[in-house]
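Here's the structure we're looking at; comments come further down.
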Amino acid sequence: MDNLLRMPRTETMVINVGPQHPSTHGVLRVLVELDGELILRAEPDIGYLHRGIEKLCENRTYHQCLPLMNRVDYLAGEVNNLGFCLAVEKLLGIEVPKRAQYIRVMIAEFTRIASHTFWLGTHAHDLGAMTPLFYGFREREKILDLCEMVSGGRMFPLYFRVGGLAADLPEGFIPKAWEFVNEFPEKWKDYDNLLTENIIWKERTVGVGVMTAEEALNWGWSGPMARGSGVDWDLRRDRPYSSYEDFDFEVPLGTKEGDTYSRYLVRMQEMLQSNRIIRQVLEKLPPGEVKVSDPRISLPPKEQVYSDISALINHFLLIKEGVTPPKGEVYQAIEAPKGEFGIYLVSDGTGQPVRVKIRAPSFVNLSAMNRLAQGRLLADMIALIGTMDIVLADVDR
Amino acid sequence: MTHHIHPAAELLSANFPDEVTQISEFRGDTTVTIKPGRIREICTFLRDNPETLFKYCSVVAGIDYYPASPRFAVVYNLYSHKDHSRLTLKAFLTDDVAPVIDSVTPVWNGADWHERETFDMYGIRFQGHPNLKRILLPESWAGFPLRKEYPQRGQ
């Protein structure tokens, strides 16, 4: 009789999601405390991909930091380099030639499309829609081909340099880029048709992971994450760098609900806006140099290095000692595909930085995980990881 | 890019005359150096004052200026959506051996992980932080890697 009267004993369960789980987009481990299927607490455990890039930078010349920067957010490699180059150029107090600025914008926007198609593919795949992944990768592949044309590297083009670009655009690049720009809006419709009005997609994303505008800023959200909550803010428009003020584009805000669906709409529209910017770059691309002519910053042309002793010495010094910005500290932020990518740079006047702090968007976005997941179902957490568009290399650095 | 001192710097030195030790401008970035003692109060002031409205904290970073003393500093980069301006706050920590400063996580949730990372890498303690423990490195790790005495490779 006693047994019948006793209430059933319940207890919460702690489970481990990751670090090796297909939906965690890398090596993210989340400790989830569950009451049935309801999440009571979701605590991300990060650091599995920590490579100590900030420490490594302190023992390198500024140019030697660039390959490391490529690998911070490896889905948008060249955007990180843009941020780093701009920070060093800000320290130096220089501006690169207009042509270099335009080409940088073009590569950065191509990278944004590539990063967003990757996000779309994996996010949709996590929620059970297989096809967008293939469509997204179809376009991403073309962008990687373009990156390969400019420098040989696909995911890590390493095309930007402090003071400009490694070289001018190769022959045949412009027609290829036009080809992409002209056909992308048509291809984009494939993603849109599959998901935007898809009832299953909406069931999984509408109302999931809601964040108000005020809260989003308090949590340090930037980029598409903040815009999905209705924060009308884009660093490209509001604090333009690299000649973004020359281009016409809109800042999409989704449904402003601050849910996963709204962030989906924002990123979808951003792809079209990026395409629009690239179109304008191709139309307006000015002729001229692609790096500053200061011998303390730019390497001399290779032919001169072989024939002219002063060019050889110049080359040697720049490789050995690197560029030497004056003593000072700057913070430079750019609009990376995932949000605000910032570099806090401290120089003591030598060729090596004293401190390179990388403000990575994924790191900050992910910190709101527990806030978003509490009270939701375990299945929603998969949607949340997808919507935050995290790259673990960007989180851990 | 604007090359003048951010008006918030004047506002700070008017409201916290004993806390502000230096105001400087470099390449368009205004840096206000303050004493660490009332950091949370100053940050709350900057966030809520209708003239500044720094509702967004971009980054919290530790810096090791070894061999200078005080060697540790914490910098905060703030962004105001009112006029899309930035302000850098910088506080040198008085204790070189056991550096400590108040946490600003109660002001901006976004500072939470930045502060944990700064603790992880520099051993700077943030008083009043809700969950101050290592974030990137394992709990059992010895030493603070971004301190200048920590070797780049091998041990």
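Using +1 at the C-beta of Lys and Arg and -1 at the C-beta of Asp and Glu, which of A:G351, A:A379, A:F363 has the Cα lying farthest in the positive direction of the dipole of region A:349-395?
Highest projection toward the positive end goes to A:G351.
Connecting C-alpha atoms closer than 10 Å in a GNM of chain A, tell me which of A:G18, A:G339, A:G328 has the biggest fluctuation.
Of A:G18, A:G339, A:G328, the most mobile in the Gaussian network model is A:G328.
Once both labels are modelled 7 Å past Cα along the beta-carbon direction, what's the B:A142-A:T255 spacing in nm?
Result for the modelled spin labels: 5.5 nm.
Can you find, among A:L282, A:V162, A:W233, the residue farthest towards the positive end of the dipole of the protein assembly as shown? Put +1 on the C-beta of Lys and Arg, -1 on that of Asp and Glu.
Checked the options; the winner is A:V162.
What Kirkwood hydrodynamic radius do you get for chain A when you take the inverse of the mean 1/r over all pairs of distinct Cα atoms, in Å?
On the way: mean 1/r = 0.0450 Å⁻¹.
Result for chain A, one decimal place: 22.2 Å.
Based on Cβ point charges of +1 for Lys and Arg and -1 for Asp and Glu, what charge dipole magnitude is obtained for region A:1-128 about its Cα centre, in debye rounded to the nearest 20? Write out the running numbers ahead of the final one.
Values: 13 positive and 15 negative charges, 123 e Å.
So the dipole magnitude of region A:1-128 works out to roughly 600 debye.
List the residues, sorted by chain then number, that are 5 or more residues from B:I34 or on another chain and whose placed amide H is less than 5 Å from its amide H.
For B:I34, whose amide H was placed from the backbone, the distant partners under 5 Å are B:T21, B:K90, B:A91, B:F92.
Given the -39500 (n - 2.57) contribution per DSSP H run of 4+ residues, what per-residue ellipticity at 222 nm results for chain B, rounded to the nearest 500 deg cm²/dmol? Intermediate values should be presented prior to the final figure.
Working: 3 runs with 31 residues, N = 155.
Per the formula, -6000 deg cm²/dmol.
Antiparallel versus total DSSP beta bridges in region B:7-127: what percent is that, nearest 5? Working shown, then result.
Details: 22 of 29 bridges.
Antiparallel bridges make up about 75 percent of those DSSP assigns within region B:7-127.
Starting at 0 and stepping by 10 Å, how many percent of the alpha carbon pairs of region A:1-159 end up in each bin?
Answer for region A:1-159: a P(r) of 9, 25, 28, 19, 10, 4, 3, 2, 0 percent.
Quick one: which residues, 5+ away or cross-chain, put their amide H under 5 Å from the amide H of A:V208? H built at 1.01 Å from N.
A:T260, A:Y261
In debye to the nearest 20, how big a dipole does the protein assembly as shown give about its Cα centre with +1 on each Lys and Arg Cβ and -1 on each Asp and Glu Cβ? If you can, show how the numbers build up before the last one.
Working: 62 positive and 73 negative charges, 178 e Å.
Magnitude of the dipole: close to 860 debye.
Tabulate in residue order the Karplus-calculated ³J(HN,Hα) for region B:14-26, using 6.51 cos²θ - 1.76 cosθ + 1.60 with θ = phi - 60°, rounded to whole Hz; enter x for Gly and Pro.
Result, ordered by residue: 6, 8, 10, x, 7, 8, 6, 9, 7, 10, 9, 10, 9 Hz.
Could you compute the FRET efficiency for A:R237 and A:T196, with r as their C-beta to C-beta distance and R0 at 25 Å, rounded to 0.05?
Working: r = 25 Å, r/R0 = 0.99.
After rounding to 0.05, the efficiency reads 0.50.
Only counting other Cβ atoms within 10 Å, I'd like B:H4, A:H21, A:H116 sorted with the fewest neighbours first.
Numbers: B:H4 8, A:H21 16, A:H116 26.
Least crowded to most crowded, the residues run B:H4, A:H21, A:H116.
Roughly what would the spin-label model give for A:D248 and B:H84, points 7 Å off Cα along C-beta, in nm?
1.8 nm
At 20 °C and 1.002 mPa s, grab the translational diffusion coefficient of region A:123-240 from Stokes-Einstein with a Kirkwood Rh over Cα pairs, rounded to a whole number in µm² per second. Working shown, then result.
Details: Rh = 17.6 Å.
Translational D for this selection: 122 µm²/s.
About the Cα centre of region B:7-127, what is the dipole size in debye to 20, counting +1 per Lys and Arg Cβ and -1 per Asp and Glu Cβ, all else neutral?
Values: 12 positive and 17 negative charges, 26 e Å.
Dipole of region B:7-127, to the nearest 20 debye: 120 debye.
Can you give the convex hull volume of the alpha carbon atoms of region A:288-397 per residue, in Å³? Numbers along the way, then the final one.
On the way: hull volume 16.9 nm³, N = 110.
Hull volume normalised by residue count: 153 Å³.
Would you mind checking which residues have amide H under 5 Å from A:L165's amide H? H placed 1.01 Å from N; only 5 or more apart, or other chain.
A:K291
Quickly work out the A:D294-to-B:K35 label distance, labels modelled 7 Å from Cα along the C-beta direction, and quote it in nm with one decimal.
Taking the two extended label points, one gets 3.9 nm.
Okay, helix-only estimate at 222 nm for chain A: each DSSP H run of n ≥ 4 adds -39500 (n - 2.57), divide by all residues, round to 500 deg cm²/dmol; what do you get?
On the way: 18 runs with 200 residues, N = 397.
Mean residue ellipticity at 222 nm (helix-derived): -15500 deg cm²/dmol.
Once the Cβ-Cβ distance between A:E214 and A:V305 is put in as r, and R0 is 60 Å, what FRET efficiency do you end up with, to the nearest 0.05?
Efficiency computed from Cβ-Cβ geometry: 0.60.
By counting other Cβ atoms within 10 Å of each Cβ, how are A:Y306, B:Y76 ranked from fewest to most?
Values: A:Y306 10, B:Y76 26.
The fewest-first ordering by Cβ neighbours comes to A:Y306, B:Y76.
Within region A:31-69, what residues put their amide N at less than 20 Å from the label point 7 Å along the Cα-to-Cβ vector of A:K320?
A:59-65
Go through B:Q127, B:A9, B:A98 and say which Cα lies farthest out towards the positive end of the charge dipole of region B:7-127; charges sit on Cβ, +1 for Lys and Arg, -1 for Asp and Glu.
B:A9
First measure r as the distance between the Cβ atoms of A:E148 and A:E183, then evaluate 1/(1 + (r/R0)^6) with R0 = 22 Å and state the FRET efficiency to the nearest 0.05. It would help to have the intermediate numbers written out before the result.
Values: r = 19 Å, r/R0 = 0.85.
Calculated transfer efficiency: 0.70.
Quick one: what Rg and Dmax do you get for region B:7-127 from the alpha carbons, in Å?
Taking only Cα atoms of region B:7-127, I get Rg and Dmax of 13.5, 40 Å.
The numbers here are math on the coordinates, done by the rules we state, and not lab data. Worth saying up front: this structure is predicted, and the values here are computed from it rather than measured. All Cβ positions, even for glycine, are placed from backbone atoms using ideal geometry, and neighbour counts span all protein chains on display.
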